[in-house]
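The values are calculated or read from the model by the stated rules, or taken from the named source; none is laboratory data. Values in this document were obtained by computation on a predicted structure and should not be read as measured data. Here the Cβ positions follow ideal geometry from the backbone for every residue, glycine too, while neighbour counts run over all protein chains shown.
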Amino acid sequence: MKTMKTMAILFTALLMVGVSFGQMKYKPSKVIVVVLGPKNPTFDESKFSDLHFYYLPGLKLSKDGGIYGKASKNKKKNAWSSVLGVGATSHAEATQNYSGEPAILVEKHISSGTAYIFDKNGLVNAETFNGRQESFNNQTKFMVHFKKMKRSWESETFGNLMKSLVKKGETMKPPKKYNTSHLLERKIYAFQVTDAKGDAFDIQNLTKGNSATLLVFLYINPEFDFNKGKESGAGKKGKDYMNQVAQTAAADKQIAPLYNLEKGIFGKKLKR
């Protein structure tokens, strides 16, 4: 059992690596996290007090892991794949394959980690598709313009973008012709989200009216237990206990961007 507890501590330690850049001088007026699926009943959103959480209960992650095959129906196997970053479940979590509603997000292949910055009129000012790995601090790079001739992106730092929107009050000017592949200079797609109470909201209304709004899409497995793996292993079989630890570690790994948002933007290093 001592060996099992040591392994549990190591799993937790692996998830706590990060770099602190301090609190941002100019912050988004509102930070929205839209969970790609229903709310996990063991997830405590109140821990992240600066973030506003909404859910898409009609959306479901595909079990297709591509070349790694189909993700298992066994929650224990899925947890190990997720926390170790190998196999079908881990690969599926990083893909853009969802089913259900809103259909527009399925059609546009939304993925966990996609993030948008909106001006006060609700127009997308910048975007990134790598939010699962971003620190969300002053130096984080967002894409702001696509160069068609060079087939490359221009980028700007999060800090500079916030200075322009929050301090200077700048807004986007809608182009005469939209790039249908991206949301830059446009409103986000029209769909509804729900809060933890089940109340519905239009996402386009939530992303306007503030000098700057940051929205991050995030996948959180609705079945992984955030708490069981943190309980004592006393009286439990070693294998059962480690499966619980893997499940909790996998769940905590999925919400790593939330810790980054709190630390990078608000300077809060929350305890896991």
Item to check | Sole exception among (1) modelled with pLDDT under 85; (2) crowded, with 18+ Cβ neighbours inside 10 Å for residue 158, by number | outcome: (1)
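Residues are listed down the side, and each one gets a yes or a no for (1) within 25 Å of residue 133 (Cα to Cα); (2) surrounded by fewer than 18 Cβ atoms within 10 Å (Cβ to Cβ); (3) among the hydrophobic types (A, V, I, L, M, F, W, C); (4) modelled with pLDDT under 85:
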{"position": "205", "(1), (2), (3), (4)": "no, yes, no, no"}
{"position": "216", "(1), (2), (3), (4)": "yes, no, yes, no"}
{"position": "228", "(1), (2), (3), (4)": "no, yes, no, yes"}
{"position": "237", "(1), (2), (3), (4)": "no, yes, no, yes"}
{"position": "240", "(1), (2), (3), (4)": "no, yes, no, yes"}
{"position": "251", "(1), (2), (3), (4)": "yes, no, yes, no"}
Checklist outcome for this item: Picked from region 186-208 (must be in a loop (DSSP other than H, G, I, E, B) and free of Cβ contacts under 8 Å to residues at least 40 places away in the same chain), the residue farthest from residue 41 (Cα to Cα) is 199
Checklist entry - Do you know which residues across region 165-200 are polar (S, T, N, Q), under 17 Å from residue 144 (Cβ atoms) and either buried (at least 17 other Cβ atoms within 10 Å of the Cβ) or at pLDDT below 90 (or both)? => result 179, 181
Next on the checklist: Contact list please: Cβ distance under 9 Å, first residue in region 116-139 and modelled with pLDDT of 90 or more, second residue small (Gly, Ala, Ser) and assigned to a strand (DSSP E or B), pairs at least six apart or on different chains.
Outcome noted: 116/126; 117/126; 126/115; 126/155; 127/115; 128/115; 128/155; 136/115
Item to check | Residue that is surrounded by the fewest Cβ atoms within 10 Å (Cβ to Cβ), among those in region 253-272 that are of a type in the set (Lys, Arg) and either touching an Asp or Glu at 6+ places or on another chain (Cβ under 7 Å) or at pLDDT below 85 (or both) | outcome: 272
